[in-house]
Amino acid sequence: MPAKTERVTILTTPAFKQFLSLEAEKAGVSISELIRERCSQEPLQSDDEVYLQALVAQVNESTQNAKKALNKGLRDAKATLKALKKTKVA
């Protein structure tokens, strides 16, 4: 782990500082360590993002099913037209 040699100073409201203090206390770490840990983690997905990903997956699946159904319909229509042409000629 690289040496910690850089300093970052931020100004906050007293309420936010209290929030950070409580979160750090719950986690059993300093405020600095809390911020380092939280900022180095992959961001969590919000409920909206999870919901949106599920919708996209469902739309993709539905699109594939629709394509298959349309292709089958086209094949059936071509077969029907071919059969009708044969009966007309005969």
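For Val50, only one of the following conditions fails: (1) at pLDDT 95 or above; (2) open to solvent by 70 Å² or more (accessible area, probe 1.4 Å). What is its number?
Of everything listed in (1) at pLDDT 95 or above; (2) open to solvent by 70 Å² or more (accessible area, probe 1.4 Å), Val50 misses just condition (1).
Output the residue which, of all residues in the stretch 30-47 that are loosely packed, with under 10 Cβ neighbours inside 10 Å and charged (D, E, K, R), is farthest from Lys4 (Cα to Cα).
Selected residue: Asp47.
Look at Ala27 and say whether it is under 30 Å from Thr12 (Cβ atoms), open to solvent by less than 90 Å² (accessible area, probe 1.4 Å) and of a type in the set (Gly, Ala, Ser).
In short, yes.
For Lys4, state whether it is among the charged types (D, E, K, R) and modelled with pLDDT under 90.
For Lys4, the condition - among the charged types (D, E, K, R) and modelled with pLDDT under 90 - is met.
Which pairs have Cβ atoms under 8 Å, sit 6 or more apart or on different chains, and link a residue in the stretch 1-30 that is in contact (Cβ under 8 Å) with a residue 24 or more places away in the chain to one that is assigned to a helix (DSSP H, G or I)?
none
Determine whether the stretch 75-89 contains at least one residue that is open to solvent by 90 Å² or more (accessible area, probe 1.4 Å), at pLDDT below 95 and within 30 Å of the chain's Cα centre (by Cα).
So far as the stretch 75-89 goes, no, none of its residues is open to solvent by 90 Å² or more (accessible area, probe 1.4 Å), at pLDDT below 95 and within 30 Å of the chain's Cα centre (by Cα).
The values are calculated or read from the model by the stated rules, or taken from the named source; none is laboratory data. Please read all numbers here as calculations on a predicted model, not as lab measurements. Quick reminder, even Gly has a Cβ in these numbers, built from the backbone with ideal geometry, and neighbours come from all protein chains shown. Accessible surface areas use protein heavy atoms only, side chains included; no ligands, DNA or RNA. Shrake-Rupley method; radii C 1.70, N 1.55, O 1.52, S 1.80 Å.
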